[in-house]
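A short worksheet on the structure shown next.
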Amino acid sequence: MQILDWLVVLFYFVLLVGIVRWSSLRQNTAKDYFLAGREIGWFVVGCSLLASNIGSEHIVGLAGNGATSGMAMAHWELHAWIMLLLAWVFVPFYYRSGVFTMPEFLERRFDSRCRWMLSIVSLIAYVFTKVSVSVYAGSVVFQTLLPDTFGSPENAFWVGAITTVILTGIYTVLGGLRAVVYTEVVQTGLLLCGSVFVTIFGLTQLGGWGELKSILTTDSVNFALWRPLSDPDFPWLGVMIASPVVGIWYWCTDQYIVQRTLAARNLTQARRGAIWGGFLKVLPIFVFLVPGMIGFALHQKGLISIPTQADGRLQGDAVFPTMVASLLPAGLRGVVVAGLMSALMSSLASLFNSCATLFTMDIYSKLRPGRPEKELVSVGRVATSIVVFLGLLWIPIMPMVSKGGLYTYLQSVQGYLAPPITAVFLLGLFFRRITPSGAFFGLSTGFALGISKLAIQAAVGGGLLSDVGWLGWLANFNFLYFSGLLFLLSALIVVACSLMTPAPEEAKIRGLTFATISKERIQGEHWGWPDLLGTAVVVALVAGVYVYFSFWLS
C-alpha cells in the first residue's frame with residue numbers, strides 16, 4: 001500500500017461519512033430506523049441486495065474456491081433465478097402484510113412459537129455465518145496486504161477485524177437502514193469495479209482466456225462446473241439438491257436479505273429491485289470466481305507466488321489478496337482495497353441492522369409491549385453489539401468446522417440451518433392445511449438435527465472426537481446430501497404433525513397462503529413490460545452461463 005492507495009481509501013471513507021451524516025438526520029421512528037421509512041427505489045433495492053450478499057467472504061472465499069475447486073461453487077452464485085421467486089412469489093405476501101420481520105410473518109401464518117423459534121435461530125445463524133465469516137475474510141485481507149504494519153501478520157489480522165467492526169457498527173447505529181442501503185449503492189460499484197481490474201490485469205498477465213483454459217484443461221475434472229457422483233465434496237446430485245434449499249432460505253426467507261425489499265416505497269419498486277438484484281447476481285462468477293482460477297494459473301506459470309498448505313495445496317483464502325498485492329499498480333490497488341473494505345462493511349452493516357430489527361421487533365417488543373420507539377432503537381443497538389462480540393469469539397473455531405476454505409465453510413453451515421426454514425415457508429405458503437404445531441415441530445426438530453451435525457463436525461475437525469465410528473462417519477457425511485435429507489425430514493415432520501392436528505381456521509390464514517389470497521392482491525400494484533423483460537434477461541443470463549461453463553473445458 002502506497003500513498004496514492006491510502007488516498008483512495010480515505011476518499012471512500014469521506015464519502016461514507018457524508019452519506020451517514022445525511023441519513024442520521026432522518027431517524028424519527030422505528031420505521032425510519034429499521035425500514036428506511038419505506039421510501040427506497042428499485043435501483044437502490046437491487047444494489048443493496050447484491051452488496052448485502054457480496055461481502056468480503058464472497059470476494060476472498062469465492063476466489064479461493066475458484067483456485068482450488070474451479071466452478072464447483074458457481075451453482076450458488078447462479079441463484080439469480082431464485083431472486084425472481086423473491087420478486088414474483090414471496091415479496092407480494094411480505095409487503096402487503098406490512099411486517100417488519102420474517103418471524104413476524106410466521107406468527108401471522110402460524111403462531112408465536114414459530115416466531116420465537118425463527119428469531120432465536122436466525123440470531124444464532126448470524127453469529128455462526130455472517131458475522132464471523134465476514135470479519136474473518138476482511139482480516140485475512142489485512143493480514144496479507146499489511147503484514148508488517150502492526151508488528152506481525154497476526155496483529156494485522158486482529159487489528160483489521162476489530163477496526164472494521166467498530167467503524168461499521170458506528171455508521172450503522174447512527175444511520176439505520178437508510179444509511180446502510182445508500183452506502184451500499186456506492187459499495188456495489190466500488191467492489192465490482194475493483195474486482196474487474198483484478199480480472200483484467202490477471203488475464204493480461206496470463207496471456208488471455210485461451211491460455212487460462214489451456215492450463216485448467218490439464219485438471220479439467222477439478223475445475224469443471226459439474227462433478228461426478230464419486231466426488232467427495234461437490235457431487236452433482238448433492239449440488240442440485242442442496243443448492244436450491246439454501247438459496248430459497250437465503251434469498252426468500254432470510255431477514256438479512258428480505259428486509260431490503262420491505263424498505264421499498266411500494267410493491268412495484270420492491271419487485272423490480274429484486275429483479276435488478278438478480279441481474280447483478282450473475283456478475284460475481286466473472287469478477288470473483290474466475291479471478292481465483294486466473295490466480296491458480298498464474299501460480300502454475302510462476303508469475304505470482306500464492307502461499308501453500310503443508311500438503312502442497314494452495315491456501316485458497318490467500319489467493320485474492322495475493323493477486324491484489326502482486327498484480328495491481330498503485331492507485332488501483334487502493335480501489336480494490338477500498339472495494340474489499342466496502343464489501344466487508346456493507347455485509348456487516350446489513351447484518352447489524354437485521355440483528356437489531358430481529359431482536360427488537362421479535363423478542364424485546366414481545367416481552368415488553370408498548371415501549372417508546374426511541375427505547376426500541378436503543379435496545380436494537382445493544383443487541384447488535386452482543387452479536388458482534390459473539391461473532392468475534394467464534395472466529396478461532398471456524399477452521400475446525402471446515403478445512404475446505406472460507407466459502408465452503410459458509411455454505412456447509414447454511415446447509416445445516418436452512419432446510420427446516422425453507423420447508424416451513426414453502427409448505428406454509430402453498431398448503432393451507434399446514435398447522436402451527438406442524439410448523440413448530442418441523443422447525444425445532446430440524447434445527448436440533450442441524451446444530452448437532454455442526455457440533456459433531458466441529459468436534460471431529462478440532463480433534464476433540466475421533467473420526468472413527470459412527471460419529472466420525474456423521475461428521476464426514478457430505479454436507480450437500482445432509483442438507484437434502486434434513487429438508488425432506490423437516491417437511492415430513494411438518495406435514496405429519498399438521499395432519500394430526502386440527503386444520504387452521506379460514507379467518508386465521510386468509511391472505512397468507514396462495515389458496516386464500518385473491519389474484520389481485522398477489523399481483524399487487526402495476527407490473528408491465530419492464531418487469532417481464534428484466535425477468536427474461538435474468539433467465540437468459542443464467543441459462544447462458546450454465547450452457548457455456550458446462551462444456552468450456554471439454
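The values are calculated or read from the model by the stated rules, or taken from the named source; none is laboratory data. Remember, predicted model here, so these are calculated numbers, not experimental data. Methodologically, a virtual Cβ is constructed for each residue, glycine included, from the backbone with ideal geometry; neighbour enumeration extends over all protein chains shown.
Show me the helices (runs of 4 or more DSSP H) entirely contained within segment 1-93 in which 1 or more residues are over 18 Å from the mean Cα position of the chain (by Cα), at pLDDT below 75 and buried (at least 20 other Cβ atoms within 10 Å of the Cβ). Quick ask: steps written out before the conclusion?
Numbers: elements: 3-24, 30-35, 42-53, 56-69, 74-77, 80-85.
Counting at least 1 such residues, we get 3-24, 30-35.
Are any of the residues in segment 297-310 within 18 Å of residue 210 (Cβ to Cβ), in contact with a helix residue (DSSP H, G or I) (Cβ under 8 Å, 6 or more places away or on another chain) and surrounded by 20 or more Cβ atoms within 10 Å (Cβ to Cβ)? Outline the logic, then answer.
Keep residues of segment 297-310 that are within 18 Å of residue 210 (Cβ to Cβ), which gives 297-298, 300-301, 303.
Subset that is in contact with a helix residue (DSSP H, G or I) (Cβ under 8 Å, 6 or more places away or on another chain): 297-298, 300-301, 303.
Next cut, surrounded by 20 or more Cβ atoms within 10 Å (Cβ to Cβ) only: 297-298.
Yes, there is a match, as at least one residue in segment 297-310 is within 18 Å of residue 210 (Cβ to Cβ), in contact with a helix residue (DSSP H, G or I) (Cβ under 8 Å, 6 or more places away or on another chain) and surrounded by 20 or more Cβ atoms within 10 Å (Cβ to Cβ).
Those residues that are among the small types (Gly, Ala, Ser) and either modelled with pLDDT of 75 or more or closer than 15 Å to residue 256 by Cβ (or both), I need them from segment 379-401; list them, please.
Narrowing segment 379-401 to residues among the small types (Gly, Ala, Ser): 380, 383, 385, 391.
Result: 380, 383, 391.
Do you know which of the residues in segment 282-314 that are assigned to a loop (DSSP other than H, G, I, E, B) and without any contact (Cβ under 8 Å) to a residue 12 or more places away in the chain is nearest to residue 537 (Cα to Cα)?
As a first pass, look at segment 282-314 and keep what is assigned to a loop (DSSP other than H, G, I, E, B): 282-283, 301-307, 309-313.
If we keep only those that are without any contact (Cβ under 8 Å) to a residue 12 or more places away in the chain too, we end up with 302, 309-312.
On the way: 302: 40, 309: 42, 310: 45, 311: 44, 312: 42 Å.
Among them, the one singled out is 302.
Looking at 482, 447, 441, 425, which one is in a helix (DSSP H, G or I), touching a Lys or Arg at 6+ places or on another chain (Cβ under 7 Å) and touching a residue at least 12 places away in the same chain (Cβ under 8 Å)?
Working: 447 fails: touching a Lys or Arg at 6+ places or on another chain (Cβ under 7 Å); 441 fails: touching a Lys or Arg at 6+ places or on another chain (Cβ under 7 Å); 425 fails: touching a Lys or Arg at 6+ places or on another chain (Cβ under 7 Å).
Step by step, each of 482, 447, 441, 425 is checked, and only 482 is in a helix (DSSP H, G or I), touching a Lys or Arg at 6+ places or on another chain (Cβ under 7 Å) and touching a residue at least 12 places away in the same chain (Cβ under 8 Å).
Out of contact with any strand residue (DSSP E or B) (no Cβ under 8 Å at 6 or more places or on another chain), surrounded by fewer than 23 Cβ atoms within 10 Å (Cβ to Cβ), modelled with pLDDT of 70 or more and closer than 30 Å to residue 315 by Cβ, is that true of residue 123? Before the answer, list the steps.
On the way: out of contact with any strand residue (DSSP E or B) (no Cβ under 8 Å at 6 or more places or on another chain): yes; surrounded by fewer than 23 Cβ atoms within 10 Å (Cβ to Cβ): yes; modelled with pLDDT of 70 or more: yes; closer than 30 Å to residue 315 by Cβ: no.
Answer is no for this residue.
Evaluate the following for residue 297: is it over 20 Å from the mean Cα position of the chain (by Cα) and modelled with pLDDT of 90 or more? If you could, list the steps in order and put the result at the bottom.
Details: over 20 Å from the mean Cα position of the chain (by Cα): yes; modelled with pLDDT of 90 or more: yes.
So residue 297 passes the test.
May I ask you to verify whether residue 459 is touching a Cys at 6+ places or on another chain (Cβ under 7 Å), over 20 Å from residue 242 (Cα atoms) and either among the charged types (D, E, K, R) or part of a helix (DSSP H, G or I) (or both)?
Working: touching a Cys at 6+ places or on another chain (Cβ under 7 Å): no; over 20 Å from residue 242 (Cα atoms): yes; either among the charged types (D, E, K, R) or part of a helix (DSSP H, G or I) (or both): yes.
Here the answer is no, as residue 459 does not meet what is asked.
Are any residues in segment 95-110 in a loop (DSSP other than H, G, I, E, B) and modelled with pLDDT under 85, and if so, which ones?
Looking only at segment 95-110, we keep the residues that are in a loop (DSSP other than H, G, I, E, B), and these are 98-101, 110.
Answer for segment 95-110, where residues must be in a loop (DSSP other than H, G, I, E, B) and modelled with pLDDT under 85: 98, 99, 100, 101.
Looking for whichever is among the acidic types (Asp, Glu), under 30 Å from residue 476 (Cβ atoms) and under 24 Å from the mean Cα position of the chain (by Cα) here; the options are 311, 233. Which one fits?
Numbers: 311 fails: under 24 Å from the mean Cα position of the chain (by Cα).
On inspection, the qualifying residue turns out to be 233.
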